[in-house]
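Trainee: I am attaching a structure below and will ask some questions about it afterwards.
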Amino acid sequence: MFESLSDKLSGILGSLTRRGALTENDVNEALREVRRALLEADVALEVVRSFTDTVRSRAVGAEVIKSVSPGQMVVKIVHDALVEMLGKEAEGIDLNAPAPVGILMVGLQGSGKTTTTAKIARRLSDRMKRRVLMASLDTRRPAAMEQLAVLGKQVGVDTLPIVAGQSAVQIARRAMEAARLGGYDVVMLDTAGRVTVDEALMAEAAEVRAATAPHEVLLVADSLTGQDAVNTAKAFDGRLGVTGIVLTRMDGDGRGGAALSMRAVTGKPIKLVGTGEKVDALEEFHPGRVANRILG
Ligand code: GDP
């Protein structure tokens, strides 16, 4: 993750810190290189611009340049600006609501939505000791329903029995009711995948949202799709009101543009990241740790 950006930034900032004194020009030159490195990592242009403006306004001042170790101060300024861009604090899944707490999973087909639903269910059940019920609302693809049932067995989490012929909203209502009667703490609703941001399926997901009032609406997006992932998040948020993002396939993402732009563009926190195909390959997203990793 972030290998190439990390290499470049360590090079640029390393050469700043090795120099004793810095001029305004040195800082500006380094910032031009930082800007180029961020753009090559596929970070959204508006995010790059606001990031470099922030760093410049903090770093190009007499105080920094005249300090004992100006290079170190610039590195600290870059680090802090990165953390702010990524969202400052880690935000986990919020279960602070009366049971059963609904979590609606949305996203494009192939983004890793169903796998991520099972990964989260496993985490809530194993680590947080919650009783979780999962339900697939993908009425168009029986295979998707089967896939969730298989994953449920694998992670030891119950899935709602499949009843043929029901609509997505009917299944969602049945899941909430079954959870209430069965004493479950959390209900995870895996909505139908769609190949593009498709109005009919958006309307269906909006109807499910209205009928079940989920506490979390998590958008699952594939980090490998870069800025498309960010645009997808914007579109889903505009239509459904997303409470958080799960970025999948971070294990294969050497550039990291989606992860770096997501918060700043959408205003929504990345809550978790997928780091592999296995059901335990899910990690929390800590802006501070990510910034440390990027800056080496
Ligand atoms: P859906 O259509 O959005 O429900 O996608 P699936 O959950 O079926 O996932 C599609 C493929 O992506 C599967 O082969 C998953 O194993 C794989 N996948 C999901 N998340 C990750 C991840 O974080 N890393 C990697 N490498 N593969 C993932």
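Trainee: Simple spin-label model, 7 Å along Cα-to-Cβ: GLU146 to GLU40 in nm?
Mentor: Calculated label separation equals 4.7 nm.
Trainee: When the Kirkwood radius is taken over all Cα pairs of segment 1-104, what Stokes-Einstein diffusion coefficient follows at 4 °C and 1.567 mPa s, in µm²/s?
Mentor: 85 µm²/s
Trainee: I want to check a number: in the chain, how many lysine pairs have alpha carbons closer than 15 Å, given a sequence separation of 8 or more or different chains?
Mentor: Close lysine pairs under the 15 Å cut-off: 11.
Trainee: How many angstrom separate the Cα center of segment 46-63 from the Cα center of segment 168-227?
Mentor: Each part reduced to its Cα centre gives a spacing of 40 Å.
Trainee: Can you give the net charge of the other residues whose Cβ lies under 13 Å from the Cβ of VAL157, counting K and R as +1 and D and E as -1?
Mentor: +4
Trainee: Related question: Determine, at each q value in 0.12, 0.16, 0.19 (inverse angstroms), the log₁₀ of I(q)/I(0) that the Debye formula gives when each Cα of segment 63-208 is one equal point scatterer.
Mentor: -0.56, -0.83, -1.11
Trainee: For segment 167-224, report the translational diffusion coefficient in µm²/s to the nearest whole number, using Stokes-Einstein at 25 °C, 0.890 mPa s, and a Kirkwood Rh over Cα pairs.
Mentor: 195 µm²/s
Trainee: Taking a spot 7 Å from the Cα of ASN25 along the direction of its beta carbon, which residues of segment 34-54 have an amide N less than 12 Å from it?
Mentor: Hits in segment 34-54 for ASN25 at 12 Å: none.
Trainee: Could you work out the relative contact order of the chain, using alpha carbon pairs under 8 angstrom and six or more residues apart, expressed as a whole percent?
Mentor: Once divided by the residue count of the chain, the mean separation gives 26 percent.
Trainee: In whole Hz and in residue order, list the ³J(HN,Hα) couplings for segment 117-122 that follow from phi through the Karplus curve 6.51 cos²θ - 1.76 cosθ + 1.60, θ = phi - 60°; x for Gly and Pro.
Mentor: 4, 5, 4, 5, 4, 4
Trainee: Pick from VAL195, VAL83, VAL157: which is most flexible by mean-square fluctuation in a GNM of the chain where alpha carbon atoms under 10 Å apart are linked?
Mentor: In this elastic network of the chain, the residue with the biggest mean-square fluctuation among VAL195, VAL83, VAL157 is VAL195.
Trainee: Can you tell me the relative contact order of segment 1-130? Whole percent, Cα pairs under 8 Å, sequence separation 6 or more.
Mentor: Answer for segment 1-130 is 23 percent.
Trainee: Check ALA44: other-chain or 5+ apart residues with amide H under 5 Å from its amide H, H built from backbone geometry?
Mentor: Those lying under 5 Å, H to H, from ALA44 are SER261.
Trainee: If each DSSP helix of 4+ residues adds -39,500 (n - 2.57) and the sum is divided by the residues in the chain, what number results at 222 nm, nearest 500 deg cm²/dmol?
Mentor: Counting only the DSSP helices, I get -17000 deg cm²/dmol.
Trainee: Something else about it: Please pull out the direction-averaged projected area of the chain, using the convex hull of its alpha-carbon atoms, in nm² to one decimal place.
Mentor: Result: a mean projected hull area of 15.3 nm².
Trainee: Just to be sure I understand the model, the point goes 7 Å from the Cα along the line to the Cβ. What's the resulting ASP251 to LYS76 distance in nm?
Mentor: Those two pseudo-labels are separated by 3.9 nm.
Trainee: Subtracting the Cα-Cα distance from 0.36 nm times the residue separation, let me have the gained length for ARG49 to GLU33 in nm, one decimal.
Mentor: Extending this stretch completely gives an extra 4.5 nm.
Trainee: Given H placed 1.01 Å from N in the peptide plane, which residues other than close sequence neighbours of MET134 have an amide H under 5 Å from its amide H?
Mentor: When sequence neighbours closer than 5 places are left aside, the close amide H contacts are ASP158, THR159, LEU160, MET188.
Trainee: By counting other Cβ atoms within 10 Å of each Cβ, how are LYS268, LYS8 ranked from fewest to most?
Mentor: The order, fewest Cβ neighbours first, is LYS8, LYS268.
Trainee: Net charge near ARG255, counting Lys/Arg +1 and Asp/Glu -1 over other residues with Cβ under 10 Å of its Cβ?
Mentor: In short, -4.
The numbers here are math on the coordinates, done by the rules we state, and not lab data. What you see is a predicted model, and the numbers here were worked out from it, not measured in a lab. Glycine gets a Cβ as well: all are built from the backbone with ideal geometry, and neighbour counts include every protein chain shown.
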